[in-house]
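What follows draws every value from the coordinates through simple rules; no lab data is involved. Computed from a predicted model, the values in this text were never measured in an experiment. Neighbour counts run over all protein chains shown; Cβ positions are idealised from the backbone, glycine included.
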Amino acid sequence: MNAIQLDKNGRLKHFLGIEGLKRELLLEILDNAAFFAGLGEQIIKKIPLLNGKTIINLFFEPSTRTRTTFELAAKRLSADILNFNISASSTSKGETLIDMLHNLEAMHCDMFVVRHDQAGAAHFIAQHVSPHISIVNAGDGRHEHPTQAMLDMFTIRKHKGDFTQLRVAIVGDILHSRVARSEIHALNTLGVAEVRVVGPKTLIPKNIQPLGVKVFHNLREGLKDVDVIIMLRLQKERMQSALLPSEHEYFQYYGLTEEDVDVAHPDAIVMHPGPINRGVEIASSVADGGRSVILQQVSNGIAVRMAIMAMTLGAMNKEFRF
Ligand code: CP
């Protein structure tokens with residue numbers, strides 16, 4: 001994986017997944033994101049860092065947060081970005097994915113941001129495009145969603161500082177979640193004290209323990225004394241219809257209520273990558289409550305994606321920052 005993501009100098013060329021990346025690199029992304037977030041706080045909305053670069057959002061699956069924050073991030077770095085409309089493209093006339101990519105490459109673009117329902121799609125594309133093009137994975141099947149994991153790490157660091165003392169619980173449909181996979185890799189690489197996954201047996205992969213997690217099937221046992229609660233929705237689009245749980249029953253056992261949050265550390269924060277399903281995995285009073293940092297996650301996505309775009313396009317260096 002590293003061989004694909006890093007250039008010969010060990011710098012990010014593509015951003016395809018968290019697995020295999022070193023702690024120093026994750027911290028560098030977080031530091032660069034903090035720099036961009038700081039500019040935003042000074043109301044410096046736009047800088048010319050990626051002036052002349054062209055980025056194409058290639059989203060084969062729906063998105064509210066990821067696509068929009070990539071677009072805003074690119075615009076704040078002065079890149080040209082376009083949202084390619086897959087459903088209106090000539091793929092419906094038999095054009096293959098590779099032919100489509102080569103035609104888009106011929107328009108002199110520098111980066112594709114790719115979301116796809118197939119695990120490995122971003123890696124596949126990275127191996128088939130011209131060497132000057134960078135690929136950023138915006139979610140591939142149930143495999144990884146690395147920029148979501150990094151914006152979540154940014155949010156956790158902002159609230160908690162040091163990672164090493166933290167207990168983090170990821171709750172819900174772990175089996176179908178690309179966010180959970182990326183977060184488990186990121187949290188362990190950043191050295192958190194304990195990563196827990198909490199959910200029904202049917203929604204936790206059987207072979208997950210080697211990833212460095214503790215498994216809980218009882219919600220309150222899993223939440224006891226944790227510093228961070230990350231809720232996940234039921235990813236029905238990746239489930240066989242016969243296996244869909246009853247939402248009402250699911251909420252009874254795994255829906256996060258204020259009483260459940262009370263068993264966590266008194267300063268625990270509640271996170272969710274979105275979209276949230278109120279009354280299924282989380283009560284509205286928690287999603288909108290004082291512990292929730294869900295909308296902060298969305299805001300932080302802009303600075304984190306600015307950092308990842310700038311780094312993969314080779315525009316980020318210490319001279320620029322200081
Ligand atoms: N968190 C996330 O990936 O949201 P979207 O599907 O709306 O992009």
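In table form, for the structure just shown:
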| read-out | value |
| --- | --- |
| Whole-number D in µm² s⁻¹ for segment 86-242, Kirkwood Cα-pair radius fed into Stokes-Einstein, 10 °C, 1.306 mPa s | 91 µm²/s |
| Inter-site label distance for residue 92 and residue 252 at 7 Å from Cα along Cβ, in nm | 4.5 nm |
| Fluctuation leader among 52, 172, 141 - the chain, Gaussian network, Cα springs under 10 angstrom | 52 |
| Residues of segment 120-142 with amide N under 15 Å of a point placed 7 Å along Cα→Cβ from residue 54 | 130, 132-134 |
| Length gained when the stretch residue 262-residue 128 is fully extended (0.36 nm per residue, less Cα-Cα span) | 43.3 nm |
| Fully extended contour minus Cα-Cα distance, from residue 215 to residue 238, at 0.36 nm per residue | 6.1 nm |
| Radius 9 Å from Cβ of residue 297, net charge of other residues (Lys, Arg +1; Asp, Glu -1) | 0 |
| Spin-label zone in segment 85-125 - amide nitrogen under 15 Å from a point set 7 Å from the Cα of residue 207 along the C-beta vector | none |
| Tail fraction, Cα-Cα pairs, segment 7-59, threshold 14 Å, whole percent | 71 percent |
| Long-range HN-HN contacts of residue 81 with modeled amide H, under 5 Å | 55 |
| Full-stretch length increase - residue 24, residue 72 - with 0.36 nm per residue and alpha-carbon distance subtracted | 14.6 nm |
| Cα gyration tensor, segment 198-267 - rounded (a/c under 1.5), prolate or oblate | oblate |
| Gaussian network model of the chain, Cα within-10 Å springs - most flexible of 51, 103, 277 | 103 |
| Selected from 116, 248, 265 as most flexible by GNM, with the chain as the system and alpha-carbon contacts under 10 Å | 248 |
| Spherically averaged projected area in nm², based on the convex hull that wraps the Cα atoms of segment 201-322 | 10.6 nm² |
| Area projected by the alpha carbon convex hull of the chain, averaged over all directions, nm² | 16.6 nm² |
| Local electrostatic count at residue 54 - Lys and Arg +1, Asp and Glu -1, tallied over other residues with Cβ under 11 Å | -2 |
